[in-house]
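S.K.: I have a structure here, written as structure tokens, and I will follow up with some questions on it.
The values are calculated or read from the model by the stated rules, or taken from the named source; none is laboratory data. Bear in mind the structure is a predicted one, so any value in this text is a computation, not a measurement. Because the Cβ atoms are built from the backbone with ideal geometry, glycine has one as well, and the counts that use them run over all protein chains shown. Just so you know, the surface numbers come from the protein's heavy atoms only, side chains and all, with ligands and any DNA or RNA stripped out. Shrake-Rupley method; radii C 1.70, N 1.55, O 1.52, S 1.80 Å.
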Amino acid sequence: MTTHQSLPVYTHPIEERFTVMTTRRGVVVRTVGQGPALMLFHGGRGSWTHWLRNIDELSQHYTLYLPDLPSFGQSGTIAKEASMDDYISHVIEMIKEVFPGNKPFYLAGFSFGGMTAAGVASQLGPQVARLSLLGPAGFRKGLSKPEGALSLHEGMTLDEERAVHKNNLIVMQFAQPETACEETISIQHYNIKYARYNSLKPSFLCSLDDYLKGVTSPLQIILANQDAYMAVGKEESVARLQKIQPSMRMDYIEGAGHWAQYEAPETYNKLLLDFLET
């Protein structure tokens, strides 16, 4: 995996609070907080910034580990043709370095990071003490981009690119258009610019089922009621996964879209903390 330590950091004052480590294979992991270990996996074409509005609250209860997953943010680049299983192997290698000796930790993942977290938990067994998935990729078959999504093209000006990001945030990520403010657009611009792995391809497959069959940890799935990716077939998908994991906990966030931990941070934090502390 090629390292990219020279890539820019998304500039935010909270960076001053982080302890930052880079694993031998180039995965950048930020740490902040106190208490038991909680690792947070961001979504596809994202970075640690997907958790920006959750860090203050969660770090009062847990020591947060915020990796930029391989080929995202500042982390090194995995081969573009790498399979999802290869990708998960790279992530597990990072975890073994961060938590040596099979030290237990809590794990939460969002979207592509949720599917990745499920794959990790299926292999690490009891080392993942609890597993929480928010809007996980692979949740239903036939997943596709929501209608109205736009694409970036070469030759666009910065203003044109930001207009595309704003449109896509409103169409694909949020229930409330005002959430796509200037700071949020800047986060999206940074994340898209430094995304080097096609997370959409595995996300549109239904891999989550197979991973959940191997998960032995207590499991929580959180869905937002206005998640554009979950708009079709939600009930059938929930029923399907409940057959695989009958004891899993299902929670819902009202009035939020796909990136729900950012749009409704108080509600998400409460649901996650309640699950981890039960």
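S.K.: Which of GLN226, GLN261, GLN242 ends up with the largest GNM mean-square fluctuation for the chain, with Cα atoms connected below 10 Å?
M.R.: Result for the chain, Cα springs under 10 Å: GLN242 fluctuates most.
S.K.: With every protein chain kept in place and ligands, DNA and RNA left out, what is the accessible area per residue of the stretch 60-209? Probe 1.4 Å, answer in Å². The partial results should precede the final answer.
M.R.: Working: 5970 Å² over 150 residues.
Dividing the accessible area of the stretch 60-209 by its residue count gives 40 Å².
S.K.: Just for the chain, what percent of DSSP beta bridges are antiparallel, to the closest 5?
M.R.: Numbers: 10 of 32 bridges.
Percentage antiparallel, nearest 5: 30.
S.K.: Using the crude model of +1 on Lys and Arg Cβ and -1 on Asp and Glu Cβ, and no other charge, please compute the dipole size for the stretch 1-125 relative to its Cα centre, in debye to 20. Let's see the in-between values first.
M.R.: On the way: 9 positive and 10 negative charges, 16 e Å.
Result for the stretch 1-125 is approximately 80 debye, rounded to the nearest 20.
S.K.: ³J(HN,Hα) across the stretch 184-194 via Karplus (A = 6.51, B = -1.76, C = 1.60, θ = phi - 60°), whole Hz, x for Gly/Pro?
M.R.: Couplings: 5, 4, 5, 4, 5, 4, 4, 5, 5, 4, 10 Hz.
S.K.: What are the ³J(HN,Hα) values, in whole Hz, obtained from phi via the Karplus relation 6.51 cos²θ - 1.76 cosθ + 1.60 with θ = phi - 60°, for each residue of the stretch 267-274 in sequence order, with x given for Gly and Pro?
M.R.: 5, 4, 4, 4, 5, 5, 4, 4
S.K.: Using the Cα centre of the chain as the reference point, and only Cβ charges (+1 on K/R, -1 on D/E), how large is the resulting charge dipole? Debye, rounded to the nearest 20.
M.R.: Approximately 800 debye in magnitude.
S.K.: Which value, in Å² rounded to 10, gives the accessible area of MET250 with a 1.4 Å probe and all protein chains present?
M.R.: 40
S.K.: Quick one: which of LYS80/LYS234; LYS213/LYS243; LYS96/LYS201 span more than 20 angstrom between C-alpha atoms?
M.R.: Details: LYS80/LYS234 30 Å; LYS213/LYS243 10 Å; LYS96/LYS201 27 Å.
Among LYS80/LYS234; LYS213/LYS243; LYS96/LYS201, the Cα-Cα distance tops 20 Å for LYS80/LYS234; LYS96/LYS201.
S.K.: Turning to a different aspect of this structure: Say we join alpha carbon atoms closer than 10 Å with springs in a Gaussian network model of the chain; which of PHE105, PHE139, PHE72 then has the biggest fluctuation?
M.R.: Maximum fluctuation in the GNM of the chain, among the listed residues, is at PHE105.
S.K.: Just one of [x] 6, 24, 32, 23, 11, 4, 0; [y] 6, 21, 24, 22, 14, 7, 3, 1, 0; [z] 7, 32, 39, 20, 2, 0 is P(r) over Cα pairs in 10 Å bins from 0, in percent calculated from these coordinates, so which is it?
M.R.: Only one option fits the structure, namely [z].
S.K.: Using a simple spin-label model with points 7 Å from Cα along the Cα→Cβ vector, what separation in nm is obtained for THR19 and THR278?
M.R.: 3.1
S.K.: Sticking to Cα atoms, compute the Rg of the stretch 132-278 to one decimal and its Dmax as the biggest Cα-Cα distance, whole number, in Å.
M.R.: According to the Cα coordinates of the stretch 132-278, Rg and Dmax are 16.3, 52 Å.
S.K.: Thinking of the stretch 43-110 as a set of Cα atoms, what percent of all their pairs are more than 21 Å apart? Could the numbers behind the result be given before it?
M.R.: Values: 689 of 2278 pairs.
Taking all Cα-Cα pairs of the stretch 43-110, the fraction more than 21 Å apart is 30 percent.
S.K.: Round to the nearest 0.05 the FRET efficiency obtained for SER247 and ASN102 when R0 = 25 Å and r is the Cβ-Cβ distance. Walk me through the intermediate numbers first.
M.R.: Working: r = 24 Å, r/R0 = 0.94.
Result of the calculation: an efficiency of 0.60.
S.K.: By how many nm would the segment from LYS213 to ASN225 lengthen if fully extended, with 0.36 nm per residue of separation less the alpha-carbon distance?
M.R.: On the way: separation 12, 0.36 × 12 = 4.32 nm, distance 2.52 nm.
Length gained, LYS213 through ASN225: 1.8 nm.
S.K.: From the gyration tensor of the Cα coordinates in the stretch 199-260, what semi-axes in whole Å does the equivalent ellipsoid have, largest first, with each one equal to sqrt(5λ)? Before the final figure, lay out the partial values.
M.R.: On the way: eigenvalues 75, 48, 23 Å².
Each semi-axis is √(5λ); the values are 19, 15, 11 Å.
S.K.: Treating only the Cβ of Lys, Arg, Asp and Glu as charged (+1, +1, -1, -1), what charge dipole size does the stretch 216-257 show about its Cα centre? Round to the nearest 20 debye.
M.R.: Working: 4 positive and 5 negative charges, 41 e Å.
Approximately 200 debye in magnitude.
S.K.: Once amide H atoms are built 1.01 Å from N in the peptide plane, which residues 5 or more positions from LEU150, or in another chain, come under 5 Å H to H?
M.R.: Long-range HN contacts for LEU150: ASN168.
S.K.: Measure off, as a whole percent, the carbon and sulfur share of the 1.4 Å-probe accessible area of the chain, all protein chains present. Can you show the working numbers first?
M.R.: Values: 5820 of 11650 Å².
Here it works out to 50 percent.
S.K.: What residues qualify as long-range amide H neighbours of ARG45, i.e. H under 5 Å apart, gap of 5 or more or another chain, H built at 1.01 Å from N?
M.R.: SER199
S.K.: I've got another one for you. Taking H placed 1.01 Å from N in the peptide plane, check which residues at least 5 places from ALA37 or on another chain put their amide H under 5 Å from its amide H.
M.R.: THR63, TYR106
S.K.: Continuing with the same structure: Explain nothing, just compute: Karplus ³J(HN,Hα) = 6.51 cos²θ - 1.76 cosθ + 1.60, θ = phi - 60°, for every residue of the stretch 11-18 in order, whole Hz, x for Gly and Pro.
M.R.: These are the phi-based 3J(HN,Hα) values: 6, 7, x, 5, 4, 5, 8, 7 Hz.
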